[in-house]
Amino acid sequence: MCRVPQCHVAQPFYHVGVACHTHMIRAPLSTACMQDPSVLHSHCNNTYTPSLCLNRTVLPGGNGQTTGECVPVEGGGVSTCQVEAWCPTENENKTVTERAPVIKNAKDFTVLIKNSVQFPSLSRTYRRRNILKSDNTSFLDCRFNPNDPIDLYCPIFSLGWILDQIQDTDFNTIAIQGGVIGIDIEWNCDLDRHEGHCDPKYTFRRLDDPKVAISPGFNFRYAKYWFDGGVEHRTLIKAYGILFKVQVTGLGGKFSFITLVLKLGSMIALLALASVLSDLLVLYVFKKGFFYRGKKYQIVNASQEEEQSAVNSRTESCDNSEKEPLLPQGL
């Protein structure tokens, strides 16, 4: 919500963000006037080339239909084709330094951002807002201050303060040309701790490129209708302003005994698998796998095994005969 006079808030952009007007060009009359000199093929000369201004023709990028007349440009030595349009036509040939915002004190305009976060998969009752829990409505007279424990929960930001947080951004320039500002709100919450440890973190960045040569900044047109003596009139306004787009991300964590058991089981399984993989690498990948194989396994031939078994049998027979008691003779 942009907390400025209603005429300076762009209502149609609520579905993608909120735009605050900082500059505008008004075209209050629907009549005939000169074509913008910057329009291609709009120049003419009453003496030599009056035929360039054809009747009922719309030039590419023009402001309306031509009347067939060639009229001089005010304050200039050239002439352009006359058009039926909203007059005076838009003329943006002046540089930014030569222009000044029509809306004064736009730097002091404020934006109110209401945001809340919850983690239903972890807790159905845990909720946090970026506004301080208070019954005192005068709290909303505050201004956001990240270094103050109370104003940290103030949802009101001034336009000047927001642009001061973005590098290489001049307020006067963006106020005249317009621009798109991204507001990122990040929540990192530990649901096992007190709610005071879950605070929003704001970051601001400019989304559009201010260095482009064609159509820089942000602007749009809209019309206002009014009556004079029972006759309906319309004023066409080309508005320049700052479009704010808000993006919210949240990360919540909570201790779970089931998750702990699953993690421990996975760790044990990985440890068992690690020994198998190590053996495969040493035996079949490393160059000296034969050395490891000789230490890990003992190779025994069949003939050696039978001979060893025979030796063991003879040894066992001798041992048994020595242990047999001698009987007395004559019995």
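The values are calculated or read from the model by the stated rules, or taken from the named source; none is laboratory data. Just so it is clear, the structure is predicted and the values come from calculations on it, not from any experiment. Cβ atoms come from the backbone with ideal geometry, glycine included; neighbour counts cover every protein chain shown. Surface areas here come from the heavy atoms of the whole protein model, side chains and all, with no ligands, DNA or RNA. Shrake-Rupley method; radii C 1.70, N 1.55, O 1.52, S 1.80 Å.
Among the candidates Lys114, Lys133, single out the residue that is within 16 Å of Val246 (Cα to Cα) and either at pLDDT 85 or above or touching a helix residue (DSSP H, G or I) at 6+ places or on another chain (Cβ under 9 Å) (or both). Break it down into steps so the answer makes sense when it comes.
Working: Lys133 fails: within 16 Å of Val246 (Cα to Cα).
It is Lys114.
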(request) Among residues belonging to region 211-232 that are touching a residue at least 40 places away in the same chain (Cβ under 8 Å) and either surrounded by fewer than 16 Cβ atoms within 10 Å (Cβ to Cβ) or not polar (S, T, N, Q) (or both), point out the one that is nearest to Val117 (Cα to Cα). (result) Phe218
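Give the residue that is least open to solvent (accessible area, probe 1.4 Å), with candidates limited to residues of region 74-84 that are modelled with pLDDT under 80 and within 48 Å of the chain's Cα centre (by Cα). It would help to see each step written out before you state the result.
Step one: of region 74-84, the residues modelled with pLDDT under 80 are 74-77.
Going one step further and asking which of them are within 48 Å of the chain's Cα centre (by Cα), we end up with 74-76.
Values: Glu74: 161, Gly75: 96, Gly76: 44 Å².
Out of the qualifying residues, it is Gly76.
Taking Ala223, is it under 30 Å from Phe171 (Cβ atoms), over 31 Å from the mean Cα position of the chain (by Cα) and at pLDDT below 85?
For Ala223, the condition - under 30 Å from Phe171 (Cβ atoms), over 31 Å from the mean Cα position of the chain (by Cα) and at pLDDT below 85 - is met.
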(request) Look at region 202-241 and say how many of its residues are under 19 Å from Asn63 (Cβ atoms) and in a strand (DSSP E or B). (result) 14
(message) Could you check region 233-251 and list, in sequence order, the residues that are in contact with a Ser or Thr (Cβ under 8 Å, 6 or more places away or on another chain) and open to solvent by less than 60 Å² (accessible area, probe 1.4 Å)?
(response) Tyr240, Gly241, Ile242
(request) Report, by residue number, each residue of region 167-183 that is open to solvent by less than 20 Å² (accessible area, probe 1.4 Å) and part of a loop (DSSP other than H, G, I, E, B). (result) Gly178
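With the requirement that a residue be in a loop (DSSP other than H, G, I, E, B) and of a type in the set (A, V, I, L, M, F, W, C), what does region 59-75 give you?
Within region 59-75, the subset in a loop (DSSP other than H, G, I, E, B) is 59-64, 73-75.
Result: Leu59, Val73.
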(message) Given the criteria open to solvent by 90 Å² or more (accessible area, probe 1.4 Å) and modelled with pLDDT under 85, does Glu90 qualify?
(response) no
(request) Taking Leu236 as the residue in question, decide whether it is under 30 Å from Gln118 (Cβ atoms), of a type outside the set (Gly, Ala, Ser) and at pLDDT 80 or above. (result) no
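What about Gly196, is it of a type in the set (Gly, Ala, Ser), outside any loop (DSSP other than H, G, I, E, B) and over 16 Å from the mean Cα position of the chain (by Cα)?
Working: of a type in the set (Gly, Ala, Ser): yes; outside any loop (DSSP other than H, G, I, E, B): yes; over 16 Å from the mean Cα position of the chain (by Cα): yes.
Criteria met by Gly196.
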